[in-house]
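Following: one structure in structure tokens, then a few remarks.
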Amino acid sequence: MAETKILVVAIDFGSSGAGYAFSFAYQYKNNPLDISTSVWNNGNGPVQTKIPAVLLFDPDKKFHSFGFEAEDKYEELLNANKADQWYFLKGFKMQLYSAVNAGEDIRVDFELLDVGGKHISAKSVFSAAIGFLKDHFIQQMHWRKLGTVEDDIFWVVSVPAIWNDSAKQFMRESAEKVGIQGEKFIMVYEPEAASIYARLLPVDKLVGNNGGTVDISAQQVLENGELKIIHKECGGPWGGECINQQFVKMLKELFGNEVMKQFKRNNGDDFLQLLRDFEVKKKIIE
């Protein structure tokens, strides 16, 4: 169980960003807020704690890259007119969210669509995403000489509150494919994790506006430290990605739909860089 492990690593990949956080047992005992996070830098803009939640698979549906590397390789393929046979996944978590919200059983043979409308196994995509973040942390652990081994780690993966049993089983199986399983793994609902963290902060309210969804819940901290649910988790697809969609819509209204189609088709790398720059600007607006 978690209390017997030296190190806890929490993986989170949302609709637009992905990353992880970790804390040693001694750190949590001395200061529960002493938490380290993943650090990413694409060489263009400020250092970030999350990277784009995008994946690239080759024509044989073999995982190639994740995050900035996937975006850069896809730009290269677009420029060389070789992208059609590759699989570029963006916003894949929202596809699963929509399927769960519609009551679909996603445990068996569920497929996602890449940006070009091609089908690929959802379990392959999610296991690749979890595996990439896991491997990145293990590499950082060895590079930083943290003095731990993989067996010392307890893994946590966050999931949306609306996910049903089939979705949770799907996520568990995806994690098992990359070696995260058994007593060293647990899933937590995102709003509950936020509530537990918020108890340590000098705040009365906490708003979770994610990339794809907005998750809302009302909970009361009892005198014994337990949480009482005042209103169960709810929300919808109203996250930051909606702003991105409106930005692209505005560009189409300004320059015309056909011009934007040609820009995206003939200058795909510039279009992706435009979206990257907009994402950076969006994050610094107060």
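May I ask you to list, by number, the DSSP H helices of the chain whose Cα span along the axis is at least 24 Å and whose average Kyte-Doolittle hydropathy reaches -1.0 or more?
122-143, 268-284
Looking only at region 64-88, which residues have a backbone nitrogen under 16 Å from a spot 7 Å from the Cα of Ser121 in the C-beta direction? Answer for this model: 64, 87. The mean sequence separation of alpha-carbon pairs under 8 Å and at least six residues apart, normalised by the residue count of the chain, gives a relative contact order of 17 percent. Using the empirical formula 2.2 N^0.38 Å as the baseline, the Cα radius of gyration of region 236-283 reaches a ratio of 1.19. Specify the residue with the greatest mean-square fluctuation among Phe92, Phe255, Phe271, computed from a Gaussian network of the chain linking alpha-carbon atoms under 10 Å apart. Result: Phe255 has the largest fluctuation of those listed. Mean residue ellipticity, 222 nm, helices only, the chain: the sum of -39500 (n - 2.57) across DSSP H runs of n ≥ 4, divided by residue count and rounded to 500, is -12500 deg cm²/dmol. Over 26 Å between Cα atoms, which of Lys123/Lys281; Lys82/Lys261; Lys73/Lys134; Lys93/Lys228 qualify? From the list (Lys123/Lys281; Lys82/Lys261; Lys73/Lys134; Lys93/Lys228), the Cα-Cα distance tops 26 Å for Lys123/Lys281; Lys93/Lys228. Can you tell me the FRET efficiency between Glu253 and Asp105 if r is taken as the Cβ-Cβ distance and R0 is 41 Å, rounded to the nearest 0.05? After rounding to 0.05, the efficiency reads 0.55. If the segment from Ile6 to Lys82 were pulled out straight at 0.36 nm per residue, it would be longer than the present Cα-Cα gap by 22.7 nm. Sorted fewest first by neighbouring Cβ atoms within 10 angstrom, Thr148, Thr49 come out as Thr49, Thr148.
Between the residues Gly179, His136, Tyr189, the greatest Cα displacement towards the positive end of the dipole of region 122-189, with unit charges on the Cβ of Lys, Arg, Asp and Glu, is found for His136.
Site pair Leu201 and Lys282 shows an inter-label distance of 2.0 nm when each label is modelled 7 Å from Cα along Cα→Cβ.
Which of the aspartates and glutamates could a cross-linker bridge to Lys168, judged by Cα under 20 Å and excluding same-chain residues fewer than eight apart? Reachable aspartates and glutamates: Asp12, Glu104, Asp105, Asp109, Glu111, Glu176, Glu183, Glu190, Glu192, Asp215, Glu233.
Against the set [x] 1.34; [y] 1.05; [z] 1.16, the structure's computed Cα Rg over 2.2 N^0.38 Å falls on [y].
Read the figures in this text as sums done on the coordinates, not as results from a lab. Predicted model only: the values in this text are computed from it and were never measured. Neighbour counts are summed over all protein chains in view; Cβ atoms, including those assigned to glycine, are modelled from backbone coordinates with ideal geometry.
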